[in-house]
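Asks: Got a structure for you, questions after.
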Amino acid sequence: MAASVSVPGRVNLIGEHIDYHNLSVLPMAIQRRVSTTFDARHDSMICASSQGYADRSFPLTELTPFPAGDWGNYLKAAAKMIARRWTLVRGIDATVTSDLSCAAGLSSSSALLTGFALALLHANGIDPSIGELMELLPEGEQYVGTRGGGMDHAAVLASRAGCALLVDFAPFRFEPIPIPPGWTFLVAHSLTVAEKSGALKAEYNARRTAGMEALRKLGFSSYREALNEPAPDRLAAPLPADQRAAFLHVVSEAKRTESAVTALRSNDIEHFGELLSASHKSLRDRLLVSNPALDELVECAGAAGALGARLTGAGFGGCAIILTRTNNLEQVHSGLLTTFYARRAAFNEEGHLMVATPSTGALGV
Ligand code: GLA
């Protein structure tokens, strides 16, 4: 009988472009999911189908990538990573279905890769720990696109219903933090897309390199150490512009994330909102990962009465996360419809604007 794995998308509340520097982040899983239904095979073939995409099949011994951008590369990346640790003998017949938008900053690619990895592991009778998965899956992403950090995999695996997930990386740890009653997060699409395997890849990786280079030139061994620096602006002043900007974004975003965790624990919704907006400014003006549509969306959210908003995920398109008091949701929602979305014919509410329900990750822990 067919088995199935269901992996949610995620939205990052705060802590953007800092996970790959091993700094803490605060994402949560959402209600939209990628589901993989599968049967174990008696040979080593992988045969996968998904509506709207060409069927892909290959043996576990043939993991050379398809051309860039092919969805089959997520399957190959998953197989490649788990074969590093475990011996896989059985392939699978798999069907993937999803109600999660692609290229929207909601981790559809990590959900696909993670779901496929879990399906292959189950088919081979392997029950991995979250620590083992976290050592392998984030690295697998580089076969398909960006050299991201581990935020997406942690969120889609370990999130808990009703909670945001505080994730630390060195060492890997996570802690669900309940979202207080009366807080509502909206996820709103900018109607511009960020294709991970396309132009975004080089831009994203350049931000990572600039941040690492800044750290090296300033003589710190890690960003954790750099956070103790009392005057980061003065210290970073001599660096080339992109490195200075990356350094200042990372250091300030780490501090905002820490404050946001305190605000969440103490039910300080206004301060949390302010931190979201400050995060957007830093992503827009320092890291240069926003675009005009995202900036306009964030502005419109504020004008509609949201307490804060910012781009979420890698940026360069995709979605914004918007915070409102639940009792003000109607006003923020209709404000967005009459401003940002009224000017955009491609808008359809089902696909582009939703209240994010903090959901359970694939491991259901
Ligand atoms: C992408 C990556 C994540 C993270 C974000 C930016 O979503 O996959 O690891 O770096 O960008 O915060």
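Rule-based calculations on the coordinates, nothing more; no lab input. Just so it is clear, the structure is predicted and the values come from calculations on it, not from any experiment. No Cβ is skipped: glycine too gets one built from the backbone with ideal geometry, and neighbour counts run over all protein chains shown.
Asks: Looking only at segment 190-246, count how many residues are among the small types (Gly, Ala, Ser) and within 16 Å of the ligand (Cβ to nearest atom).
Replies: Qualifying residue count for the region: 11.
A quick yes/no check of all residues on (1) within 16 Å of the ligand (Cβ to nearest atom); (2) surrounded by fewer than 22 Cβ atoms within 10 Å (Cβ to Cβ):
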position: Arg10; (1), (2): yes, no
position: Gly15; (1), (2): yes, no
position: Ile18; (1), (2): yes, no
position: Asn22; (1), (2): yes, yes
position: Pro27; (1), (2): yes, no
position: Arg32; (1), (2): yes, no
position: Asp39; (1), (2): no, yes
position: Ser44; (1), (2): no, yes
position: Ala48; (1), (2): no, no
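Asks: Please go through segment 161-178 and give me each residue that is crowded, with 21+ Cβ neighbours inside 10 Å and either basic (Lys, Arg) or more than 17 Å from the chain's Cα centre (by Cα) (or both), ordered by number.
Replies: Passing the criteria: none in range.
Asks: Residues that are of a type in the set (A, V, I, L, M), within 26 Å of His352 (Cα to Cα) and away from the ligand (no atom under 11 Å from the Cβ), at least 1 per element: which helices (runs of 4 or more DSSP H) completely within segment 54-156 meet that?
Replies: 108-123
Asks: While we're on this one: Does Ala254 satisfy the criteria of being assigned to a helix (DSSP H, G or I), within 18 Å of the chain's Cα centre (by Cα) and either exposed (fewer than 14 other Cβ atoms within 10 Å of the Cβ) or more than 16 Å from the ligand (Cβ to nearest atom) (or both)?
Replies: It is false that Ala254 is assigned to a helix (DSSP H, G or I), within 18 Å of the chain's Cα centre (by Cα) and either exposed (fewer than 14 other Cβ atoms within 10 Å of the Cβ) or more than 16 Å from the ligand (Cβ to nearest atom) (or both).
Asks: When the residues of segment 311-332 are narrowed to those that are surrounded by 17 or more Cβ atoms within 10 Å (Cβ to Cβ) and over 22 Å from Ala29 (Cβ atoms), which ends up nearest to the ligand (Cβ to nearest atom)?
Replies: Among residues in segment 311-332 that are surrounded by 17 or more Cβ atoms within 10 Å (Cβ to Cβ) and over 22 Å from Ala29 (Cβ atoms), the one nearest to the ligand (Cβ to nearest atom) is Phe316.
Asks: Collect the residues in segment 137-159 that are under 17 Å from Ala206 (Cα atoms), buried (at least 23 other Cβ atoms within 10 Å of the Cβ) and either in contact with a Cys (Cβ under 8 Å, 6 or more places away or on another chain) or not β-branched (Val, Ile, Thr) (or both), keeping them in residue-number order.
Replies: Correct list: Gly148 only.
Asks: What do you reckon, is Phe340 touching a Phe, Trp or Tyr at 6+ places or on another chain (Cβ under 7 Å), over 24 Å from His153 (Cβ atoms) and not small (Gly, Ala, Ser)? Spell out how you get there, then give the answer.
Replies: Numbers: touching a Phe, Trp or Tyr at 6+ places or on another chain (Cβ under 7 Å): no; over 24 Å from His153 (Cβ atoms): yes; not small (Gly, Ala, Ser): yes.
When the stated conditions are applied, Phe340 does not pass them.
Asks: Of these, Ala231, Ala263, Ala236, which one is over 21 Å from Leu26 (Cβ atoms), touching a Phe, Trp or Tyr at 6+ places or on another chain (Cβ under 8 Å) and without any contact (Cβ under 8 Å) to a residue 24 or more places away in the chain?
Replies: Ala236
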